[in-house]
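Everything below concerns the one structure shown next.
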Amino acid sequence: MSDQGEQKSFQERIDNGETIEPKDDMPDRYRKQLIRMMSQHAHSEVVGMLPEGNWITRAPSLRRKMILLSKVQDEAGHGLYLYSATETLGASRQEVIDQLLEGKAKYSSIFNYPTLSWADVAVIGWLVDGAAIINQTMLARSSYGPYSRAMVRICKEESFHKKQGYEMVAKMADGTPEQQEMIQDAVDRWWWPTLMMFGPHDEDSPNSAELIKWGVKSKTNDELRQSFVDRHIAEAHEVGLEIPDDELEYNEETGHWEFGEIDWDEFWNVVKGNGPMNKERIKARREAHENGKWVREAAEEYARKQKLSKEKAS
Ligand code: 3HC
């Protein structure tokens, strides 16, 4: 879509709230932005299985093990769903996965932090999936059809993820002194990295303006972060937990919580690959990809044989 006229009519479609489908004409830049965002979203879901997966064998009860197993399986499904949605833009699954394995593609910074105790599983469900719900509820209204439809299904599962996490948080916050200490320690470690999930401040976000112009995003990084803070501070106080931010102050006028400054050096350090667990996460993904090679080869051979027998039959 090179000429001005076509770009203008595309923008009119977006401004009219129309949904763009895979076979529609679209600016190359729109396609590129979506491939970037959706493939990195898919990577985040799959890498996101690792921190919690670390605790499946050590869940404190059969019930908790079953819930965690189904949550981690959901994340795998979200990743596959999003890789499929990315393929509708012409980006092959192999191509985008290779970019991740070669360290050329990003995934959410949050998954580069270690899960040190069972309380981390609770807090990830409550805060990280809580943040994902706020972001993904917005993306469910994205202008690109396959992405917004994928979000509708994923958001339903995310709300279960958050509820199971918050149930554990409430239980531990009301538990023994050791449990209370564990859950507060987990909140102290995860609160600020979760705020970083929403990306840099709007003025430092090179992609936001374009994504908003094209209706991919309808809220800015800071707007989403503020919604997250307002909702989760209330939930923390409901169960008697403290938020690790001395600058927290409720602004009666705006109805929002004002909060301290994020450590952007830490954020960019993690995004650039120097976080506490970046190397382990990519190593685990590379090993899983290598171990799964025989499955891909068998599936490809099966598909080849199926195609051959169909051609013979016709
Ligand atoms: N981690 C890693 N990289 C990040 C980041 C983060 N938390 N926040 C921003 N970045 C990167 C961006 O990817 C971009 O780099 P790129 O141009 O090379 O891709 C750069 O920093 C500048 O950021 P921008 O604000 O300009 O980028 P976006 O407008 O794309 O905003 C985003 C970043 C908020 C992550 C947005 O891309 C988005 O909403 N993506 C879809 C949702 C998503 O990916 N969520 C990740 C979590 S998935 C999850 O939580 C699973 C759940 O089940 C737990």
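The values are calculated or read from the model by the stated rules, or taken from the named source; none is laboratory data. This structure is a prediction, so every number in the text was calculated from the model and none was measured. Quick reminder, even Gly has a Cβ in these numbers, built from the backbone with ideal geometry, and neighbours come from all protein chains shown.
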| query | For region 27-45, how many residues meet the condition of being buried (at least 22 other Cβ atoms within 10 Å of the Cβ), hydrophobic (A, V, I, L, M, F, W, C) and either more than 8 Å from the ligand (Cβ to nearest atom) or not in a helix (DSSP H, G or I) (or both)? | reply | 2
| task | Can you run down the residue pairs with Cβ atoms below 6 Å, 6 or more apart or on separate chains, where the first is in region 263-282 and under 23 Å from residue 49 (Cβ atoms) and touching a residue at least 12 places away in the same chain (Cβ under 8 Å) and the partner is within 13 Å of the ligand (Cβ to nearest atom) and outside any helix (DSSP H, G or I)? | result | 276/113
| request: Would you check which residues across region 44-103 are closer than 23 Å to residue 271 by Cα and hydroxyl-bearing (Ser, Thr, Tyr) and list them? | output: 44, 83, 86
| request: Note down all Cβ pairs under 7 Å where the first residue falls in region 51-69 and is modelled with pLDDT under 95, the second is not in a helix (DSSP H, G or I), and they're at least six residues apart or on different chains. | output: 54/115
| request: Only residues that are under 19 Å from the mean Cα position of the chain (by Cα) and either over 26 Å from residue 136 (Cβ atoms) or of a type outside the set (A, V, I, L, M, F, W, C) (or both): list them for region 57-76, please. | output: 70, 71, 73, 74, 75
| Inside region 70-91, can you point out the residues that are away from the ligand (no atom under 15 Å from the Cβ) and within 22 Å of residue 153 (Cα to Cα)? | 84, 87, 88
| message | Suppose we filter region 225-250 for residues that are in contact with a Lys or Arg (Cβ under 9 Å, 6 or more places away or on another chain) and either closer than 29 Å to residue 212 by Cβ or loosely packed, with under 12 Cβ neighbours inside 10 Å (or both); how many remain? | response | 1
| Among (1) within 12 Å of the ligand (Cβ to nearest atom); (2) without any contact (Cβ under 8 Å) to a residue 60 or more places away in the chain; (3) of a type in the set (Asp, Glu), the one test that residue 210 misses | (2)
| Is region 276-285 home to any residue that is among the charged types (D, E, K, R), modelled with pLDDT of 95 or more and under 30 Å from residue 16 (Cα atoms)? | no
| Looking at residue 227, is it of a type in the set (Gly, Ala, Ser), touching a residue at least 40 places away in the same chain (Cβ under 8 Å) and not in a helix (DSSP H, G or I)? | no
| Filter region 167-224 for residues that are among the aromatic types (Phe, Trp, Tyr) and assigned to a helix (DSSP H, G or I); which is surrounded by the fewest Cβ atoms within 10 Å (Cβ to Cβ)? | 192
| query | Restricting attention to region 251-267, does a residue exist that is part of a helix (DSSP H, G or I) and surrounded by 14 or more Cβ atoms within 10 Å (Cβ to Cβ)? | reply | yes
| remark: Per the filter on region 1-32, residues over 21 Å from residue 92 (Cβ atoms) and of a type in the set (Ser, Thr, Tyr) are 2, 9, 19
| task | Could you please find all residues in region 26-46 being acidic (Asp, Glu) and within 19 Å of residue 73 (Cα to Cα)? | result | 45
| When the residues of region 125-146 are filtered to those that are more than 10 Å from the ligand (Cβ to nearest atom) and over 13 Å from the mean Cα position of the chain (by Cα), which remaining residue is surrounded by the most Cβ atoms within 10 Å (Cβ to Cβ)? | 126
